[in-house]
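Participant: I am attaching a structure below and will ask some questions about it afterwards.
The values are calculated or read from the model by the stated rules, or taken from the named source; none is laboratory data. Owing to the predicted nature of the structure, the values given are computational and were not obtained by experimental measurement. Note that each Cβ is placed from the backbone with ideal geometry, even for glycine, and that neighbours are counted across all protein chains shown.
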Amino acid sequence: MRDKKKAFTLVELMVTIAIAAILLTIGVPSLISMYEGFRANSNIEKIHDIMAFARNQAINYGATVNVCPFASVSSCGTNWNNGIRVYIGATNNLRSIDSFNTNDSVKGPAKIAANNKNGEHITFSPDGLSSGGAFIYCPDGKASGSRSINISPSGLIKFGAKDMGCT
């Protein structure tokens with residue numbers, strides 16, 4: 001006489017796969033939005049930290065420190081999505097951030113305030129004062145989940161409103 005082996009039937013296996021597919025269909029979009037939120041928080045903190053670094057270096061060196069969109073090690077660009085460059089003078093680079101996620105959008109000071117006298121640049125003077133400005137980081141270019149920071153003329157750098165648009 002043969003021993004009966006215990007195993008799954010084809011019907012049980014198909015039902016299990018169907019339930020797993022339904023759960024994945026429901027869960028994956030939530031994971032994507034959660035990932036975008038983490039990415040936005042992480043990158044706006046990087047921008048905040050590099051602005052605080054620039055202000056501190058201006059005070060420590062007793063010189064004007066400039067912040068601009070990254071184009072190359074020795075030049076500034078016009079697109080904040082390419083990264084951020086912090087420098088003193090024309091060639092003395094202090095720090096930079098490489099480009100951000102290609103799906104995301106970063107709106108810098110010149111696009112927010114048309115009256116920004118420095119255009120794409122933010123400057124910090126030796127006494128810690130700044131030209132002012134704001135940054136908005138939009139994950140996947142969407143307003144929902146976006147984060148911002150504000151830089152006041154007094155040099156105060158603080159986190160701003162959430163869910164602002166990058167258009």
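Participant: Return the pairs, sorted by first residue and then second, in which the second residue is of a type in the set (Asp, Glu) and buried (at least 16 other Cβ atoms within 10 Å of the Cβ), the first residue lies in segment 30-43 and is over 14 Å from CYS138 (Cβ atoms) and free of Cβ contacts under 8 Å to residues at least 60 places away in the same chain, the beta carbons are less than 9 Å apart, and the residues are 6+ apart or on different chains.
Facilitator: ILE32/ASP140
Participant: Checking ASP3 against (1) at pLDDT below 90; (2) assigned to a loop (DSSP other than H, G, I, E, B); (3) in contact with a helix residue (DSSP H, G or I) (Cβ under 7 Å, 6 or more places away or on another chain), only one condition comes out false. Which one?
Facilitator: That leaves (3) as the condition not met.
Participant: So, one more: If you go through segment 82-100, how many residues are more than 12 Å from THR123 (Cα to Cα) and either out of contact with any Pro (no Cβ under 8 Å at 6 or more places or on another chain) or at pLDDT below 90 (or both)?
Facilitator: 11
Participant: With (1) out of contact with any Asp or Glu (no Cβ under 7 Å at 6 or more places or on another chain); (2) among the polar types (S, T, N, Q); (3) modelled with pLDDT of 90 or more; (4) within 27 Å of PHE38 (Cα to Cα) as the list, and THR167 as the residue in question, which single condition is left unmet?
Facilitator: All conditions are met except number (3).
Participant: Still on this structure, please answer the following. Quick one: how many residues across segment 56-70 are of a type outside the set (Ser, Thr, Tyr) and over 19 Å from the mean Cα position of the chain (by Cα)?
Facilitator: Residues that pass the stated criteria total 9.
Participant: Among the residues in segment 43-66, are any touching a helix residue (DSSP H, G or I) at 6+ places or on another chain (Cβ under 6 Å) and farther than 17 Å from ASP127 by Cβ?
Facilitator: no
Participant: So which residues in segment 79-100 are assigned to a loop (DSSP other than H, G, I, E, B) and out of contact with any helix residue (DSSP H, G or I) (no Cβ under 8 Å at 6 or more places or on another chain), if there are any at all?
Facilitator: Scanning segment 79-100 gives ASN79, GLY83, GLY89, ALA90, THR91, ASP98.
Participant: MET14: modelled with pLDDT of 90 or more and either in contact with a Phe, Trp or Tyr (Cβ under 9 Å, 6 or more places away or on another chain) or outside any loop (DSSP other than H, G, I, E, B) (or both), yes or no? Working first, answer last.
Facilitator: On the way: modelled with pLDDT of 90 or more: yes; either in contact with a Phe, Trp or Tyr (Cβ under 9 Å, 6 or more places away or on another chain) or outside any loop (DSSP other than H, G, I, E, B) (or both): yes.
Yes: the conditions hold for MET14.
Participant: Something else now. Of everything in segment 1-57, what is hydroxyl-bearing (Ser, Thr, Tyr), surrounded by 11 or more Cβ atoms within 10 Å (Cβ to Cβ) and within 30 Å of VAL106 (Cβ to Cβ)? Give them in sequence order.
Facilitator: Restricting attention to segment 1-57, the residues satisfying the condition of being hydroxyl-bearing (Ser, Thr, Tyr) are 9, 16, 25, 30, 33, 35, 42.
Now narrow it down to the ones that are surrounded by 11 or more Cβ atoms within 10 Å (Cβ to Cβ): 16, 33, 35, 42.
If the condition is that a residue be hydroxyl-bearing (Ser, Thr, Tyr), surrounded by 11 or more Cβ atoms within 10 Å (Cβ to Cβ) and within 30 Å of VAL106 (Cβ to Cβ), then SER33, TYR35, SER42 are the ones that fit.
Participant: Name the residues in segment 37-64 that are of a type in the set (Lys, Arg), touching a strand residue (DSSP E or B) at 6+ places or on another chain (Cβ under 8 Å) and closer than 13 Å to PHE100 by Cβ, would you?
Facilitator: Once the filter is applied, which keeps residues that are of a type in the set (Lys, Arg), touching a strand residue (DSSP E or B) at 6+ places or on another chain (Cβ under 8 Å) and closer than 13 Å to PHE100 by Cβ, segment 37-64 yields only LYS46.
Participant: Now for a separate question. Regarding VAL67, is this residue at pLDDT below 95 and touching a strand residue (DSSP E or B) at 6+ places or on another chain (Cβ under 9 Å)?
Facilitator: Numbers: at pLDDT below 95: yes; touching a strand residue (DSSP E or B) at 6+ places or on another chain (Cβ under 9 Å): yes.
Spelling it out, VAL67 is indeed at pLDDT below 95 and touching a strand residue (DSSP E or B) at 6+ places or on another chain (Cβ under 9 Å).
Participant: Just checking, how many residues over segment 104-119 are at pLDDT below 90, part of a loop (DSSP other than H, G, I, E, B) and under 21 Å from ASN81 (Cβ atoms)?
Facilitator: 6
Participant: For residues that are assigned to a loop (DSSP other than H, G, I, E, B) and of a type in the set (A, V, I, L, M, F, W, C), tally how many sit in segment 120-167.
Facilitator: 6
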